[in-house]
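Here's the structure, in C-alpha cells; my notes come after.
The values are calculated or read from the model by the stated rules, or taken from the named source; none is laboratory data. Please read all numbers here as calculations on a predicted model, not as lab measurements. Cβ placement follows ideal geometry from the backbone for every residue including glycine, while neighbour counts extend to all protein chains displayed.
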Amino acid sequence: MSTPEIKLDSLLQEDRVFPPPPEFARRALVSDPEVYARAEADPEGYWAEWAEQLHWFRRWDRVLDWQPPDARWFVGGTLNAAYNCLDRHLDGPRRTKPALLWEGEPGDRRAYTYEELHREVGRAANALKGLGVKRGDRVAIYLPMIPEAAIAMLACARIGAAHSVVFGGFSAESLRDRIRDAEARVLITADGGYRRGGVVALKRSADQAVEEEGGCPTIEHVLVVRRHGAAADSVGEAEMKAGRDVWWHDAVEGADAGCPAEEMDAEDLLYILYTSGTTGKPKGIMHTTGGYLTQVYATTRWVFDLREDDVYWCTADVGWVTGHSYIVYGPLANGATVVMYEGAPDWPDRARMWKTIEDYKVTIFYTAPTAIRAFMKWGTDFPAQHDLSSLRLLGTVGEPINPEAWIWYHKFIGGERCPVVDTWWQTETGAIMITPLPGVTHTVPGSATTPFPGIQADILSLQGECIPTGGGFLAIRRPWPSMLRGIWGDPERFRETYWSKWTGKAVGGSQPGEGVYFPGDGAKRDERGFFWVIGRIDDVLNVAGHRIGTMEVESALVDHPSVAEAAVVGKAHELKGQAVAAFVTLKEGQEATEELKKELSDHVVRKIGAIARPDAILFAGDLPKTRSGKIMRRLLKDIAEGRALGDTTTLADPNVVQRLKGEYEAKES
Ligand code: ATP
Ligand code: MG
C-alpha cells in the first residue's frame, strides 16, 4: 500500500464565520471552552467521568489498556447496552416518555414509551433465545426502517448476541456475503418495506441469500416481520419455509417480556457492521460494549446539546453506522425521544421531511450532505410550506459539505437561528470525532472544526511530521473509547489498513507510528486550527504538481447558482499529470448549454485559480452513489479515463453509471 507523499494546496477560501447564536449559547449544555483543556489534561479521567454516567454491573479496574493496535477500554467492567438504553430509564418520569415515534411511508404511525420499548425488547430477546440464539452468537438483521429494527438490535444486545445489520437496500448477494462472513445463526427480515409507494420484497432477497449459490449454511432460522401482509400489492404473501421460517408476531407477541440483561464484559462484541464500500470491498468492523456506549452517549449529549424535552430525528438508515450510533444507542442511552421514518424523502411529495418536522415538532435534525443537495435541487418552496420553527439544531454527516449547501441548510431549514454541526467520523471510529460544540464553536461552512474533547486528531505528512497549517493525512494520535477493535476474521487487514501508515516513524518527533490511526482521509488545517476533511486520500487530484482536493473544485461548482451537485475526478493527462474532469448535475429548470459549461469553467477559475480549470465538464442527470448516498468517484475516474468500470456492487443504481459512461464516450468520439 503506497500512497504518494501529499501536500494539499489550500485553494478555496471560506471566511464566513457563524458564532453560536447568543440565545442558544445561553442555554447550551456546554458554553465554556475550558472543557477542551480539562479533557486534554487527563483524557482517561475525562472518559471515565462519562462512563460513570452509564449503568455498570461491575465497575472497571482500569480505564485503558493500550497495546497498539489493540485497545481495551474499561478493563474488568461489566454492563449491558440494552439495559443502559432501556431499564435504567424506568425508575423515573422517563418510564412513560416517548422513546420511539415511528412513521411508515404510507403514513401509519407507532409510538413506544420507554416502558413499552423495554417490554418489546424483552419479548424479542426471549423469542431469539427460543430460536437457539446464545450469548456470543451473531444475528443478521435485514429490515426496513421499522421499529422492529431497533427492537431486534436491542434484543440481541440484551442476550449478548452480536448483531450484524445489513442495509435493506442491499442485494441478496451482498446479504449472503455478510451472513457468511459473520457466520450468523439467525436472520431477521420482513415480508417487505415501503419505498416510494412500492414494496421492496425483502423476504425474497433473504430467501435467495439463504438458499441460492451455496446459501448460508450457518442460518438455522429466519424470523420474519409482517410489514405489509398479503393484500397490500403484487409482492404477495411471503413464502414461509417450514422448520426454518418463523413469523415475528408468532414468536415475539406471545413471548414473556421478562428477560434479564446479560452481564457483558466491557470488551465483549456488541456488533459487526460492514463499511459502505465506497472505496473497495466492505470490511466487517467490530465494536465492543463499554467504550462504544460511553462515546456515543457523550457525543450525542454534547454535540446535539441534547435536553430532556428534545425531539430528535436522524434520517440515516439503521443499516449504516449513523443509524446504530445516533438513532439507537446514543439517543436511547440518553433517554431521548427519537423520530424514525421508513420511506423516501420525496414521497408522496418533496415536502415529506418538512411535514414530518412540523408534525412531530422536531427540535434536532441530523442528515447527510447528499440529502441537503437534493433538497436544494428541489427548491425552497417545499420547506416554505411547513412550520419549521420547532428546530433548534441541525447536523450533517457522511461527506464533506459544500459551503453553499451548508448556507442553504442554515438559511432555509434552520431559519438562520440554528447552529449547524458538521460531524466527521466513520464506521471505524464508532462515534463522532471532529465536530463543533454548538454552544462554543464559531463554525465556518465546510469545516467540521475541531476534535471533540478528549480526541487527539492531527494532520501529518507521510513522514509523520505535524502540519500546523496546510494539508496532509488526517490522523488520530490517541486511542478513543468507541474505536473499532478489529476487522471480523481479518486481523492482518486491520493492522495493515489502519495502523501501518506511520510504522517505524516518529510521529510528531517522538511518538511511535504504530499507535497512530490512519482513517484514509485527506484534510487540511487552517489558521484557526480548524480541520477541513476534504475526502479520501485516493480521491485527491494532482494537477501540474499541485495537490487539489476534489471537494474544493466541487464546492466551487456548487457555488454557482445553476448547479445542484458536482463530482470531480483526476483524469490522466500527458503534460499536467492529471486534468480535472467534472460531472455536474443542474438544479431543476436549468438548461445544459455549451455557454453554461464555459461559465462554470470560468467560475471555478475565479473561485480557485486557473490551475483548477476543468478540462472536461459533463452534465449528468444523476451521479453514481453508494447506497448510503456517497458519490463514488473511482467509477467516474474509470469513465473519464476510458477504462472498464470497477466493482459496482455497492452502488444504489448501477444504471446511472452505465448511462454516464455511454454519454461520456459519445461526447469524446
Ligand atoms: P468504505 O470505507 O467501505 O469505502 P465509507 O468510508 O464510505 O466506505 P463510512 O464509514 O460510512 O463508509 O464513511 C466514512 C467516511 O465518510 C469518512 O472517512 C469520510 O471520508 C466521510 N465523511 C463522513 N463524515 C464527514 C464529514 N462531516 N466531513 C467530511 N467527510 C466525512
Ligand atoms: Mg471508509
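I'd like to know if the range 582-594 contains one or more residues that are within 30 Å of THR441 (Cβ to Cβ) and not hydroxyl-bearing (Ser, Thr, Tyr).
Taking the range 582-594 as the starting set, the residues that turn out to be within 30 Å of THR441 (Cβ to Cβ) are none.
Checking the range 582-594: not a single residue is within 30 Å of THR441 (Cβ to Cβ) and not hydroxyl-bearing (Ser, Thr, Tyr).
Scanning the range 69-87 finds no residues that are touching a residue at least 40 places away in the same chain (Cβ under 8 Å), of a type in the set (Lys, Arg) and in contact with a Gly (Cβ under 8 Å, 6 or more places away or on another chain).
Find the residue count for the range 399-422, including only residues that are in a loop (DSSP other than H, G, I, E, B) and either charged (D, E, K, R) or surrounded by fewer than 24 Cβ atoms within 10 Å (Cβ to Cβ) (or both). Outline the logic, then answer.
Taking the range 399-422 first, the residues in a loop (DSSP other than H, G, I, E, B) are 399-402, 414-419.
Checking the rest, the ones that are also either charged (D, E, K, R) or surrounded by fewer than 24 Cβ atoms within 10 Å (Cβ to Cβ) (or both) come to 399, 414-418.
Counting residues in the range 399-422 that are in a loop (DSSP other than H, G, I, E, B) and either charged (D, E, K, R) or surrounded by fewer than 24 Cβ atoms within 10 Å (Cβ to Cβ) (or both) gives 6.
Is it the case, given these coordinates, that TRP302 is of a type in the set (Phe, Trp, Tyr) and either farther than 30 Å from ASP521 by Cα or part of a strand (DSSP E or B) (or both)? No, not satisfied. When ARG88 is tested against (1) in contact with a Phe, Trp or Tyr (Cβ under 9 Å, 6 or more places away or on another chain); (2) farther than 27 Å from TYR517 by Cα, exactly one condition is not met: (1). If you go through the range 567-590 and keep only what is in contact (Cβ under 8 Å) with a residue 40 or more places away in the chain and under 22 Å from THR370 (Cβ atoms), you end up with ALA567, VAL568, VAL569, GLY570, ALA581, PHE583, THR585, LYS587, GLU588. Is there a residue being away from ligand 1 (no atom under 16 Å from the Cβ), among the β-branched types (Val, Ile, Thr), surrounded by 20 or more Cβ atoms within 10 Å (Cβ to Cβ) and modelled with pLDDT of 95 or more anywhere in the range 265-288? For the range 265-288, residues away from ligand 1 (no atom under 16 Å from the Cβ), among the β-branched types (Val, Ile, Thr), surrounded by 20 or more Cβ atoms within 10 Å (Cβ to Cβ) and modelled with pLDDT of 95 or more: present.
The set of residues in the range 274-294 that are within 16 Å of ligand 2 (Cβ to nearest atom) and assigned to a strand (DSSP E or B) comprises TYR274, GLY284, ILE285, MET286, HIS287. Restricted to the range 488-504, and to residues there that are in contact with a Gly (Cβ under 6 Å, 6 or more places away or on another chain) and buried (at least 18 other Cβ atoms within 10 Å of the Cβ), the residue that is nearest to GLN13 (Cα to Cα) is TRP502. Among residues of the range 29-57 that are in the same structural domain as ASP87 (by TED's automatic domain parsing), those with a Cβ under 7 angstrom from a residue that is modelled with pLDDT of 95 or more and of a type in the set (D, E, K, R), sequence gap 6+ or separate chain, pair up as LEU29/ARG301; LEU29/ASP305; PRO43/ARG478; TYR46/ARG38; HIS55/ARG88; PHE57/GLU263.
Is it the case, given these coordinates, that HIS386 is surrounded by fewer than 22 Cβ atoms within 10 Å (Cβ to Cβ) and either within 15 Å of ligand 1 (Cβ to nearest atom) or in a helix (DSSP H, G or I) (or both)? Let's see the steps before the verdict.
Working: surrounded by fewer than 22 Cβ atoms within 10 Å (Cβ to Cβ): yes; either within 15 Å of ligand 1 (Cβ to nearest atom) or in a helix (DSSP H, G or I) (or both): no.
So HIS386 fails the test.
The set of residues in the range 451-481 being of a type in the set (Val, Ile, Thr), in a strand (DSSP E or B) and without any contact (Cβ under 8 Å) to a residue 60 or more places away in the chain consists of ILE476 alone.
Selection over the range 529-549 of residues that are modelled with pLDDT under 95 and either away from ligand 1 (no atom under 12 Å from the Cβ) or over 16 Å from GLU14 (Cα atoms) (or both) gives a count of 14.
With respect to the stated conditions, GLU183 fails to be at negative phi and assigned by TED's automatic domain parsing to the domain that holds GLY214. Among the residues of the range 613-625, what is the count of those that are within 15 Å of ALA374 (Cα to Cα) and in a strand (DSSP E or B)? Final tally of qualifying residues: 1. Scanning the range 291-327 for residues that are under 24 Å from PRO479 (Cβ atoms) and in contact with a helix residue (DSSP H, G or I) (Cβ under 7 Å, 6 or more places away or on another chain) yields LEU293, THR294, VAL296, TYR297, ALA298, THR299, THR300, SER325, TYR326. Picking from residues in the range 23-60 that are within 30 Å of GLU263 (Cβ to Cβ) and small (Gly, Ala, Ser), the one that is surrounded by the most Cβ atoms within 10 Å (Cβ to Cβ) is ALA51.
Taking the listed residues ASP309, ASP305, the one that is among the charged types (D, E, K, R) and at positive phi is ASP305, with no other qualifying. Among the residues of the range 217-228, those that are surrounded by 23 or more Cβ atoms within 10 Å (Cβ to Cβ) and modelled with pLDDT of 95 or more comprise VAL222, LEU223, VAL224, VAL225.
Out of curiosity, is LYS607 within 30 Å of GLU173 (Cα to Cα) and buried (at least 18 other Cβ atoms within 10 Å of the Cβ)? Taking the combined requirement at face value, the residue does not satisfy it.
Residues of the range 299-329 that are farther than 19 Å from ASP422 by Cα, in contact with a Ser or Thr (Cβ under 7 Å, 6 or more places away or on another chain) and of a type outside the set (Asp, Glu): VAL311 alone.
Among the residues of the range 394-443, how many are within 16 Å of ligand 2 (Cβ to nearest atom) and β-branched (Val, Ile, Thr)? Talk me through it step by step, then tell me what you get.
Of the residues in the range 394-443, the ones within 16 Å of ligand 2 (Cβ to nearest atom) are 397-400, 423-434.
Subset that is β-branched (Val, Ile, Thr): 397, 423, 427, 429, 432, 434.
Here the count works out to 6.
A single member of GLU514, GLU554 is within 16 Å of ligand 1 (Cβ to nearest atom) and outside any loop (DSSP other than H, G, I, E, B), and it is GLU554.
Quick grid of which residues meet (1) in a loop (DSSP other than H, G, I, E, B); (2) of a type in the set (Asp, Glu); (3) away from ligand 2 (no atom under 16 Å from the Cβ); (4) over 18 Å from THR275 (Cβ atoms):
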{"site": "ALA316", "(1), (2), (3), (4)": "yes, no, no, no"}
{"site": "GLY319", "(1), (2), (3), (4)": "yes, no, no, no"}
{"site": "HIS324", "(1), (2), (3), (4)": "no, no, no, no"}
{"site": "GLY330", "(1), (2), (3), (4)": "no, no, yes, yes"}
{"site": "VAL338", "(1), (2), (3), (4)": "no, no, yes, yes"}
{"site": "GLY343", "(1), (2), (3), (4)": "yes, no, yes, yes"}
{"site": "ASP346", "(1), (2), (3), (4)": "yes, yes, yes, yes"}
{"site": "MET353", "(1), (2), (3), (4)": "no, no, yes, yes"}
{"site": "GLU358", "(1), (2), (3), (4)": "no, yes, yes, yes"}
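The set of residues in the range 360-377 that are among the aliphatic types (A, V, I, L, M) and within 16 Å of ligand 2 (Cβ to nearest atom) contains only ALA368. Would you check if PHE494 is at pLDDT 95 or above, over 18 Å from the mean Cα position of the chain (by Cα), more than 29 Å from TYR329 (Cα to Cα) and of a type outside the set (Val, Ile, Thr)? Answer is no for this residue. Taking the range 592-606 as the range and being of a type in the set (A, V, I, L, M) and part of a loop (DSSP other than H, G, I, E, B) as the test, only ALA592 passes. List pairs: first residue in the range 382-410 and outside the structural domain of ALA564 (by TED's automatic domain parsing) and touching a residue at least 40 places away in the same chain (Cβ under 8 Å), second residue among the acidic types (Asp, Glu) and part of a helix (DSSP H, G or I) anywhere in the structure, Cβ distance under 7 angstrom, at least six positions apart or on different chains. Every condition considered, the pairs that remain are ASN402/GLU554. Looking only at the range 518-550, filter to residues that are within 15 Å of ligand 2 (Cβ to nearest atom) and touching a Pro at 6+ places or on another chain (Cβ under 8 Å); which one of those is nearest to ARG634 (Cα to Cα)? Among residues in the range 518-550 that are within 15 Å of ligand 2 (Cβ to nearest atom) and touching a Pro at 6+ places or on another chain (Cβ under 8 Å), the one nearest to ARG634 (Cα to Cα) is GLY535.
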